[in-house]
Amino acid sequence: MKKLMVSNIVIGIFLIVVSFFYTGTVLASQEFFVSPNGNASGNGSRENPWDLQTALNQPASVHPGDMIWLRGGTYTGNFISNLTGTAAAPITVKQYLREKAVFAASTGQFIFRASAPWGIYQGFEVVGTTPGRNTERPVGIQSYAANNKFINLIVHDANVGFQVRTGAVDSEIYGSIIYNNGYEDSVGWGSGIDLRSPNNDQGETYWFKDNIIFNQYEWGVKGYTGGEGIRGYNFEGNTIFNNSIFSFTQGGSECHPCNSCIPKTCYNSRGEEVSCCSGGGGPDWGRGSMIQNFVIGGLQIADRIVIKNNYFYAGLTNEEQGNAIQLGWWQYGENGSRGNRILLENNVSWFNSSSGYAIEQRWWNDITMKNNLFVSRQLFEDINGLGNFVSGTNNPPERLEQLQPNKFSGNKFQLSANEPNKIFVRPNLYEAGRANVTIYNWENKSQVDINLSSVLQPGDQFEIIDVQNYGAGTPFFTGTFSGNPVNITLPISTSSVTAPIGGTAPRHTSNQFSVLLIRRLSTGISTSPTPTNNPTCVCQTNNSCSADCVFEKIDGVSYSNLIKCNLSSSLFLVYPDSNHKTTWCNRQKKTRGDADGNGVVDLSDYFFYVASVFGGKIPPNVNPDFNGDGEVGRADLDILKLTLN
């Protein structure tokens with residue numbers, strides 16, 4: 001008995017660890033299903049799914065640790081999640097395998113709101129479908145409750161991509177692609193991520209990791225507030241570029257009326273020459289002239305900010321102004337709202353224009369800046385901050401390192417990109433075979449090599465997507481990973497950029513800056529079938545095993561009346577042929593959990609179960625359908641547990 005208990009504990013820990021390693025989530029206690037055609041009278045099963053709002057209201061059958069699968073299709077409306085998990089067992093809402101679930105709305109305050117704690121929301125798309133760009137749109141995702149995770153989401157064409165409010169302490173936004181959010185009246189409004197924290201410091205922490213944020217109508221990240229808090233924000237591994245490019249300069253400092261227009265040759269965000277004034281209105285050259293990527297600061301004191309290993313870029317036409325990073329909020333430091341503790345470390349920031357700053361520091365009391373690379377022709381601006389100067393060629397930023405070497409060390413400030421190429425590969429922590437790649441091609445090469453050995457295994461089939469044209473839905477490169485660096489040609493595109501709904505697409509960045517998404521399509525596992533043992537046992541034309549097949553069944557388990565030898569083709573690297581299917585039928589222990597046909601039920605069979613359930617494709621000689629119903633699901637996991645125990 002003692003030996004059995006120890007075995008159960010070890011197996012349980014292993015299942016949790018393997019499940020987290022492979023999928024980024026702990027295996028669900030129960031699985032439920034949601035469909036665009038579901039209804040409130042359903043029971044949440046695969047055959048009788050719920051509608052989305054019913055599932056989000058947490059029916060009595062849904063408990064902490066459960067999984068709610070979103071079947072493919074468009075869910076139209078304004079949805080509120082009341083799902084409440086626990087710290088040990090959050091409830092997961094996830095897009096179903098190899099299907100596309102989209103939340104969409106054209107009206108209302110928001111498209112999706114998380115109003116209860118301890119949820120994981122993963123893999124789906126959120127889009128605002130309002131046709132014009134001159135009025136407010138629904139917010140994409142409102143995070144109102146604590147301890148929620150938003151993982152690998154696609155959020156675009158909303159009013160604001162993510163709106164994080166004071167109740168959403170200790171939450172995380174990870175691996176999401178956020179673009180084309182906002183609208184325009186006289187100026188641009190609507191950021192990729194808009195932040196607020198509580199007024200009083202509760203030691204709260206917010207995590208923003210490995211997101212790609214670009215082409216908003218206002219800031220990419222806006223950590224500004226007039227009356228709430230700005231604290232506890234941690235940014236790591238994000239790529240943030242070319243935000244505000246659709247809009248007139250906020251505040252109008254470059255938007256002169258026609259009777260006082262300053263003559264000059266100007267360009268809009270598409271690189272077209274335009275006149276200063278247009279038809280008696282404001283000047284065209286104000287549009288897209290101010291890049292505003294990232295700001296932390298406001299009318300309240302900002303504190304406990306960490307910005308590490310992020311990648312910033314600004315520039316399309318050589319005419320843009322603004323900044324890639326702004327710390328502090330304009331003049332308001334005079335009123336006592338200087339920032340306190342901030343760490344800026346191992347970041348790269350490039351403002352690729354004739355004017356504009358790689359970083360602006362305004363009104364900050366305690367800043368640590370180490371091992372960063374800043375490239376811009378205006379270098380570094382420090383207004384009434386620690387250095388108390390505006391730097392330039394006659395007043396170099398290295399002065400800060402002389403003033404406070406313990407706070408400022410290892411930084412590089414360059415007027416032009418005099419650096420070897422830098423390529424950053426960030427493997428996704430929640431989805432095996434996925435990664436973000438950011439390329440600074442300062443050497444202006446026509447081809448670059450990308451080392452993907454931290455993401456893929458030899459034999460893996462994969463695709464590369466240009467995130468600036470994510471909406472096209474097609475990769476620009478597919479291949480089989482050999483183990484060697486992957487060679488791609490630059491520029492990736494000179495024109496193909498996903499246009500905002502109701503707007504015009506901007507230019508693509510030049511070959512000097514690219515951002516890619518890597519996704520594994522299938523694994524390189526061997527596909528050789530297991531030899532047939534019993535020639536009279538075959539997979540019949542009705543996709544069931546013949547009567548001559550013998551199986552070792554487990555007492556008390558419900559098996560299909562005829563053990564099926566058929567599974568969805570989407571589960572496999574190569575769709576099984578008749579010989580593969582017959583080998584499935586020849587496995588006596590198939591009904592006890594023998595997925596790979598080696599005659600033993602062990603942890604390798606669990607690996608194949610996890611792969612089929614959570615998106616990794618399996619070889620055609622493998623079948624994790626242990627109860628013979630033609631599907632891989634919860635019942636098959638129960639069989640594995642009974643055998644392994």
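The values are calculated or read from the model by the stated rules, or taken from the named source; none is laboratory data. Bear in mind that the values here come from a model prediction, so they are computed numbers and not experimental data. All Cβ positions, glycine included, derive from the backbone under ideal geometry; neighbour counts span all protein chains shown. For the accessible areas, the whole protein counts, side chains as well, though only heavy atoms, and no ligand, DNA or RNA atoms are used. Shrake-Rupley method; radii C 1.70, N 1.55, O 1.52, S 1.80 Å.
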Query raised in the report: How much of the accessible area of region 420-501, in percent, comes from carbon and sulfur atoms when a 1.4 Å probe is used?
Result: 45 percent
Query raised in the report: Sequence-distant or interchain residues sharing an amide H contact under 5 Å with Arg434, placed H: which?
Result: Asn428, Arg520
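Might you tell me the accessible area per residue for region 140-217, computed with a 1.4 Å probe and given in Å²? The partial results should precede the final answer.
On the way: 1660 Å² over 78 residues.
Ligands and nucleic acids excluded, the figure is 21 Å² per residue.
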Report summary line: A correct Stokes-Einstein calculation for region 401-495, using the alpha-carbon Kirkwood radius, 4 °C and 1.567 mPa s, returns a whole-number D in µm² s⁻¹ of 82 µm²/s
Report task. Using label points projected 7 Å from each Cα along Cα→Cβ, tell me how many nm separate Arg634 and Asp366, to one decimal. Result -> 5.0 nm
Report summary line: The answer for Gly229, listing residues at least 5 apart or on another chain whose modeled amide H is closer than 5 Å to its amide H, is Ser197, Asn199
Requested in this report: Leaving ligands, DNA and RNA out of it, report the carbon-plus-sulfur percent of the accessible area of region 97-155 at a 1.4 Å probe.
Outcome: 53 percent
Query - Sites Ala499 and Thr135 - FRET efficiency at Förster radius 22 Å, r taken between beta-carbons, to 0.05 - result: 0.75
Report summary line: For region 559-575, Karplus-derived ³J(HN,Hα) couplings (6.51, -1.76, 1.60; θ = phi - 60°; whole Hz; x for glycine and proline) come out as 10, 4, 4, 10, 5, 6, 10, 8, 9, 4, 4, 5, 7, 10, 4, 10, 5
Report summary line: At 37 °C in a medium of viscosity 0.692 mPa s, region 550-645 has a Stokes-Einstein diffusion coefficient, with Rh taken as the Kirkwood radius over alpha carbon pairs, in µm² per second, of 255 µm²/s
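In the P(r) worked out for region 39-178, what percent of Cα pairs fall beyond 23 Å? Please report the intermediate quantities before stating the final value.
Details: 2770 of 9730 pairs.
That tail contains 28 percent of the Cα-Cα pairs.
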Report summary line: Amide H contacts under 5 Å for Val93, restricted to residues at least 5 apart in sequence or on another chain and with H modeled in the peptide plane, are Ile68, Ile120, Tyr121, Gln122
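Region 461-513: which chymotrypsin sites (Phe, Trp or Tyr not before Pro) are DSSP loop and have at most 16 other beta-carbon atoms within 10 angstrom? The partial results should precede the final answer.
Working: sites: Phe462, Tyr470, Phe476, Phe477, Phe481, Phe513; in loops: Phe476, Phe481.
The qualifying sites are Phe476.
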Requested in this report: Provide the FRET efficiency to the nearest 0.05 for the Asn579-Ser604 pair, computing r from the beta carbons and using R0 = 25 Å.
Outcome: 0.70
Report summary line: Note to self: with every protein chain in place and a 1.4 Å probe, region 522-645 gives an accessible area per residue in Å² of 43 Å²
Requested in this report: Let me see the pair-distance distribution of region 163-214: every alpha carbon pair, 5 Å bin width, integer percents in order.
Outcome: 5, 17, 24, 19, 17, 11, 6, 1
Requested in this report: Could you give log10 I(q)/I(0) at q = 0.20 Å⁻¹ for region 440-560, computed by the Debye formula over C-alpha point scatterers of equal weight, without solvent?
Outcome: -1.14
Report summary line: With x for Gly and Pro, the residue-by-residue ³J(HN,Hα) of region 299-311, computed from phi through the Karplus equation 6.51 cos²θ - 1.76 cosθ + 1.60 at θ = phi - 60° and given in whole Hz, is 7, 10, 6, 8, 7, 6, 10, 10, 10, 10, 6, 9, 10
Report summary line: For region 129-240, using Cα atoms only, the Rg and Dmax in Å read 13.4, 42
